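Below: the structure, in structure tokens.
The values are calculated or read from the model by the stated rules, or taken from the named source; none is laboratory data. If you're wondering where the values come from, they're calculated on a predicted model, not measured in any experiment. A quick note on method: Cβ atoms are made from the backbone with ideal geometry, for glycine too, and the neighbour counts reach across all protein chains shown. With ligands, DNA and RNA removed, areas are computed over all heavy atoms of the protein, side chains included. Shrake-Rupley method; radii C 1.70, N 1.55, O 1.52, S 1.80 Å.
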Amino acid sequence: MKLRVKGRKKEAAEDQTQTRGADFTVLMLGQRRTGKSSVLSSMITSMEKICADTGFRFTADDDTKIFMRTKLSQLQRIFLAHQGEAEFTTMEGEQNGVEYGAATDADTPYRFILEQVNGKKNKKSRTFVIEFVDIRGESMTEDFSAGKGPSVNERIMKSGVLLIAIDAPALMEGRLKEGVGEYHSRVNLPEDIYSHITAADAEMRRNLKAKERMEPRLVLFVPLKCEKYYYYEHRMEELNARIRTGYQDLFAFFQAHNEYTVAITPILTLGDVVFDHYKSRTVKLPNGMEREVAVTFGDSGLESMRTVPKYPMFRFRTAEPKFSPRYCEQPLLYLLAYVDAVSGLAEKKSGGKMKSAMFWAGVLLIASGGLSIWGTAGTMMLLEALQSDPELKKALRAVVERMKTSEDGYELVYDNLGLGKGKKL
């Protein structure tokens, strides 16, 4: 990636893109082994296809690219390692000659670069840095003491976009418990996520000064591993309803606060790999009856994982399965729609007129509630560029038009920024 800056060497421009602060930060919330990093590795391929004819190029920075290639290779080897097997599971460590990556054991940033590709000679390209932060699953159930890094609440306060990763089988399988699958609470941690988000929101509101408002935020509920309910059982609308039920307190909170734009965006993580069942064991009940229960991590797992099913069993969807994820690009399309909408909000505040950099700094300060979420030079450049460059605006809208807002379980639940309207412009 090259950020062409007049009067500077290309090497220095490249280094600036690689090292500058993120223009937008997306915080990924979810339990260990939900599949957050797998989706990120699939996202780049999906976005490359989506952006091919829109005037944008989407890629990862050098460090992220290395991780993505390794992760993609691991995912693709699943199809070779388990070919012909009736069922299989994917666990950390080596199985059948495949080394499955360990779960995220530290808050890990993944940086992507979005570049507007210009066909005109001597016209500089614009590049924007989007950083996805995959936090440790264990962070959701523990308090960080001093010296261990920022807490989940602090991460939430500094992120304009929240991606809540949902293990779809945990939400859908097993006996119903309060309208959702019996494993949902222990796998997807809805109560912990609710506590972190509401606590961070309260802290942000306490930090607001007179006449300041919280910045508009985007929250995406992203169910993963949805192949079974998409291809076979046609239960994607039920999946949507289960999410509403399983996170009902959080949805009620967002409904009461119009700073939040909220959407449900399902993903088919691998395409031809379908969840089948949880490996189980037989236990005797006090009344003498027997019952099948899922094998859990038990004492061999971390505290937060002890009651989580250890062996989700999968099968291939076709006789000749291929690595074929679907909709992995959708969270990023929503992010771009969010960027587009926020730039329109800034334009409205300015009365449709471009002003000095000091004006933009003021708009961003108001939008951020003084928390510096938006206050990087790159973000100011992006918002200003969207107003001053019709080609950039057109290219961005072309990408946004690919966004799914209904059917297949997708839904713009609370569209306070008018993202759905942006598709028609």
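On inspection, THR318 passes the criterion of being of a type in the set (Val, Ile, Thr), farther than 30 Å from GLY160 by Cβ and surrounded by fewer than 22 Cβ atoms within 10 Å (Cβ to Cβ). Can you name the residue in region 273-315 that is touching a helix residue (DSSP H, G or I) at 6+ places or on another chain (Cβ under 9 Å), more than 18 Å from HIS184 (Cβ to Cβ) and open to solvent by 60 Å² or more (accessible area, probe 1.4 Å) and, of all such residues, is modelled with the lowest pLDDT? Looking at the filtered set, the residue picked out is LEU302. Would you confirm whether any residue within region 324-340 is surrounded by 14 or more Cβ atoms within 10 Å (Cβ to Cβ) and modelled with pLDDT under 80? Within region 324-340, one or more residues are surrounded by 14 or more Cβ atoms within 10 Å (Cβ to Cβ) and modelled with pLDDT under 80. The lone criterion from (1) at pLDDT 90 or above; (2) within 30 Å of GLU320 (Cβ to Cβ) left unmet by ALA252 is number (2).
Within region 310-329, identify whether any single residue is among the acidic types (Asp, Glu) and over 30 Å from ILE197 (Cα atoms), and answer yes or no.
yes
For residues in region 40-92 being in contact (Cβ under 8 Å) with a residue 60 or more places away in the chain, closer than 25 Å to PHE297 by Cβ and of a type in the set (S, T, N, Q), which is most open to solvent (accessible area, probe 1.4 Å)? In this case the residue turns out to be THR90. Applying the criterion of at least 1 residues that are of a type in the set (Asp, Glu) and touching a residue at least 60 places away in the same chain (Cβ under 8 Å) to the strands (runs of 3 or more DSSP E) found wholly in region 235-347 leaves 273-278. One residue stands out in region 108-143 among those that are part of a loop (DSSP other than H, G, I, E, B) and either touching a helix residue (DSSP H, G or I) at 6+ places or on another chain (Cβ under 7 Å) or of a type in the set (Gly, Ala, Ser) (or both): the one that is modelled with the highest pLDDT, namely ILE135.
Quick one: in region 190-237, of everything that is open to solvent by 10 Å² or more (accessible area, probe 1.4 Å) and of a type in the set (A, V, I, L, M, F, W, C), which residue is nearest to ILE156 (Cα to Cα)? Across region 190-237, the extreme among qualifying residues is ALA199.
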